[in-house]
Each structure stands twice: as C-alpha cells, then as structure tokens.
Amino acid sequence: MSGCRLAGRRPVERGSDPMQRQHHLQDGTGVIEVYARAGSPGARPVLWALQELALPVVRRDLPTDPAVEGADHVAINPLGRPAAAARAAFALADADAILRHICQALAGGEALHPGDATAWAETERWIAWRRTLFAPVCRELEKALGPAPDAGGATDTPRHAADLQALATSHLAALDRHLDGRDYLLGPRFTIADVALGAPIHRYLQLAEGAGAFVGVQTWYARLCYRDAFRAQVMAPAGRAAGERYPIDLLPLRSGLG
C-alpha cells in the first residue's frame, strides 16, 4: 500500500465540465510526498502515474514494522494503514483513491483520465476485478511459492500452489478476452485503468508461468514495458537488474506496438 501528501496551497478549479476543467497549485511549487514501505506494491502504481505526468515527487519511507508509524503519516491517515494522501487540508486514504485523485485533480491529469462516465465505469469494473478476484489469489500464490515462515525452506504445498495458479490463470483469461482487439484496457489510449492493473500483472508474471497462451495480455504488457515510468517505478522496485530478462519475450511483440 502507499500514501502521498501534496504540499502547497489548494488547487484552483477552472470550468464546470469535468472533462474540460484544469487544476493547478496556486504557487506552482507543490511537491507530492509519497509515503510507503520498501517494496510496497501499492506505492508502485501511484509513483508510476505521477512519473507519467512528470510531477515533482518526494518518497518518504515508512518503518517496515506496521506497528511503528511516523507521526506525520498517522496525522494524514487515521486509518492506520500506509495508504494516504493529503493536499492542503484534504486527506485521502487508499492507493486506488489516490490514482483517481491524480487523474481528476492534478496538473496534467487529463492525460490519464478515462474519459466519459462509461469509460469511468469500465475503469471501476477492472479495478474491482483486480481487488476482489485477481490480487487476492496472487497474494496467496506468492505465499505458497515462498519459504515457510518457521522452517526457512520451501513450503510443502505444491497442490495448493497449483490450484492457485489455475485460479489466477482463469482470471487472467477474462482479461485476455477483454484485451482482444484493444491496445489498452479502454481502447487505443493509455489511461489510469492500465496503471491500476499493470503493477499486479507484472508481479504475477514474475511469480508464475502461464501467460504464454494469452496473446492479448502479452501484447498489452509489452506496451507497458516500453514506457519509461513503468520500468522505473514498477519493474525496478521489484529488483529487475539491467539486462535481466522480462517475464515474457518482448522481441516478437515489438512490431506494431503503439
């Protein structure tokens, strides 16, 4: 999970149409503070979106022990979890809520905005898919494939891991069907919907085999991998070294990528 605080005065809203209005910090020097623990999966899409918009960001590391929270973070996030955002007197919790705020209220956010109400509904549908179906299975799969907490060795649950793998693959098949004929989640344009799903899909491809049959997912993922902000904020924090192989072979997919 992640959190961010936006320093500066309240943004000025111009216009009443949500598709046409523009927001900016009055003094033009606002810096976004992102609170996160090292390796926090929720921080990655937030940092990715902010880099896509070239907004000024300062990373604030939280203690690795969830029971030890800094006073600054607790002040902007009374829920007590490391997902919060504050802008002037405005505070916000939850990484997905922060993503919505980025594209609706920050300077340049219209570049990531899904579009009309129908596009927003589609975005929310895929965020719900990730949160309620795909991400929980991936978390359990990561535990099943990792070392036993008390034995220090591999867990003796290959059948459980295989069942989780099959379930995750079935969820991935739904995404693949949706991506058939689409460059990105909502069509030809990269939006916040792709940011919301890109990081967990990347993590899954690192964990398990099984994406080879999903051409739509592979091609979409390849497009993400050629984005500088995705490589910097999603792939690099996961420990990808220079020259390290991607979870899928991108070379055959490169032709025709937008």
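Key figures for this structure:
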{"quantity": "Distance (nanometres) between label positions extended 7 Å along Cα→Cβ at Ala236 and Ala162", "calculated": "4.1"}
{"quantity": "For Tyr221, Tyr35, order by how many other beta-carbon atoms lie within 10 Å, fewest first", "calculated": "Tyr221, Tyr35"}
{"quantity": "FRET efficiency for Arg125 and Ala173, using Cβ-Cβ distance with R0 set to 25 Å, rounded to 0.05", "calculated": "0.95"}
{"quantity": "Which of Val137, Val46, Val31 has the fewest Cβ neighbours within 10 Å, and the rest in rising order", "calculated": "Val31, Val137, Val46"}
{"quantity": "Cut-off 20 Å, label 7 Å out along Cα→Cβ of Lys143, residues of region 189-203 by amide N", "calculated": "200-201, 203"}
{"quantity": "Dimensionless Rg over Rh [region 161-228; C-alpha; Kirkwood]", "calculated": "0.95"}
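Readers should treat all values here as calculations from the given coordinates under stated rules, not as data from a laboratory. Worth saying up front: this structure is predicted, and the values here are computed from it rather than measured. Cβ sites come from the backbone with ideal geometry, for glycine too, and all protein chains shown count toward neighbours.
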